[in-house]
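Q: Pasting in a structure now, in structure tokens, and then I'll have a few things to ask.
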Amino acid sequence: MPTTPQKKILFVSGSPREGNTEYVLTQLKKGLGGELICLRELHLKPCAGCLECHHKAMCAMRHDGANAVMEKVRRSDLLVIGTPNYFDNVPGIMKDFIDRMNPLYSDKTYKGKDVIFVFIGGGNPEGTKARMMESMRGAIKCLKLNVVGVFAAKGLHSRDVVGNTALLGEISEAIKNMLK
């Protein structure tokens, strides 16, 4: 039975398929509560670069649900972003999500948002962690995110991480510590 945290956890899966990343986030949600958003289900459009969000703190492309997701991000106390490693970078849907977070750039309520990253890649987990953090560097800096945890696991084929209780336990413990 999931605990009812006083703080709101928002899990965001940047995987284009129902694989390792989504499995990990789903298991964490089951154990800790919160909400899971699977970007593959949203069909977010790429940022148009219109910069209207610099004036309104809202995306001008209101028809694809990005503003609703950003509102959930704003209301969350802890953001857990999970993404697979595609050619030492994030997949396209995660990049679209990051770009569409541009309205949060000038939002002072978002500054210092606690975030935990979960990366799954086919290679060495430490190498995956380093390369993926480099991919996230700009978003972390511009959005002034407070990175409170970074986790990586090896998983190339769907369900490679099933049974990796050490990974789930480590991430779960980090989240529980943030909820205190």
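The values are calculated or read from the model by the stated rules, or taken from the named source; none is laboratory data. Note that the coordinates shown come from a computational prediction; the quantities given were computed from them, not determined experimentally. All Cβ positions, glycine included, derive from the backbone under ideal geometry; neighbour counts span all protein chains shown.
Q: Which residue out of LYS154, LYS129, LYS176 is within 26 Å of TYR105 (Cβ to Cβ) and of a type outside the set (Gly, Ala, Ser)?
A: Residue meeting the stated conditions: LYS129.
Q: So which residues in region 61-94 are without any contact (Cβ under 8 Å) to a residue 40 or more places away in the chain and either basic (Lys, Arg) or surrounded by fewer than 15 Cβ atoms within 10 Å (Cβ to Cβ) (or both), if there are any at all?
A: Selection gives ARG62, HIS63, ALA68, GLU71, ARG74, PHE87.
Q: Looking only at region 16-31, which residues are more than 16 Å from PHE117 (Cβ to Cβ) and acidic (Asp, Glu)?
A: GLU18
Q: Given the residues LYS7, LYS45, LYS29, which is the only one that is modelled with pLDDT of 90 or more and either in contact with a strand residue (DSSP E or B) (Cβ under 7 Å, 6 or more places away or on another chain) or within 22 Å of ALA130 (Cβ to Cβ) (or both)?
A: LYS29
Q: LYS176: farther than 30 Å from HIS54 by Cα, exposed (fewer than 14 other Cβ atoms within 10 Å of the Cβ) and touching a residue at least 40 places away in the same chain (Cβ under 8 Å), yes or no?
A: When the stated conditions are applied, LYS176 passes them.
Q: In addition: Could you grab the pairs with beta carbons closer than 7 Å, sequence gap of 6+ or different chains, first residue in region 125-146 and closer than 14 Å to ILE81 by Cβ, second one among the hydroxyl-bearing types (Ser, Thr, Tyr) and surrounded by fewer than 13 Cβ atoms within 10 Å (Cβ to Cβ)?
A: Final answer for the pair search is none.
Q: Have a look at ALA57, ALA48 and point out the one that is surrounded by fewer than 20 Cβ atoms within 10 Å (Cβ to Cβ), among the small types (Gly, Ala, Ser) and in contact with a Ser or Thr (Cβ under 9 Å, 6 or more places away or on another chain).
A: Just a single option satisfies the conditions, and that option is ALA57.
Q: Determine which member of the set THR128, THR83, THR109 is among the β-branched types (Val, Ile, Thr), touching a helix residue (DSSP H, G or I) at 6+ places or on another chain (Cβ under 8 Å) and under 23 Å from GLU18 (Cβ atoms).
A: None of the other options fit; the residue is THR83.
Q: Hey, among VAL80, VAL90, VAL115, which residue is modelled with pLDDT of 95 or more, β-branched (Val, Ile, Thr) and over 19 Å from ASN146 (Cα atoms)?
A: Exactly one residue qualifies, and that residue is VAL90.
Q: For region 160-173, how many residues are in contact (Cβ under 8 Å) with a residue 40 or more places away in the chain and under 19 Å from the mean Cα position of the chain (by Cα)?
A: Total meeting the criteria: 5.
Q: Do the conditions hold for CYS38, that is, is it buried (at least 17 other Cβ atoms within 10 Å of the Cβ), without any contact (Cβ under 8 Å) to a residue 60 or more places away in the chain and either more than 14 Å from PHE11 (Cβ to Cβ) or touching a Cys at 6+ places or on another chain (Cβ under 7 Å) (or both)?
A: It is false that CYS38 is buried (at least 17 other Cβ atoms within 10 Å of the Cβ), without any contact (Cβ under 8 Å) to a residue 60 or more places away in the chain and either more than 14 Å from PHE11 (Cβ to Cβ) or touching a Cys at 6+ places or on another chain (Cβ under 7 Å) (or both).
Q: Yes or no: region 101-119 includes at least one residue that is of a type outside the set (A, V, I, L, M), touching a strand residue (DSSP E or B) at 6+ places or on another chain (Cβ under 7 Å), assigned to a strand (DSSP E or B) and surrounded by fewer than 21 Cβ atoms within 10 Å (Cβ to Cβ).
A: The answer is yes, given that some residue of region 101-119 is of a type outside the set (A, V, I, L, M), touching a strand residue (DSSP E or B) at 6+ places or on another chain (Cβ under 7 Å), assigned to a strand (DSSP E or B) and surrounded by fewer than 21 Cβ atoms within 10 Å (Cβ to Cβ).
Q: Is it fair to say LEU145 is over 13 Å from the mean Cα position of the chain (by Cα) and within 22 Å of LYS8 (Cα to Cα)?
A: Criteria not met by LEU145.
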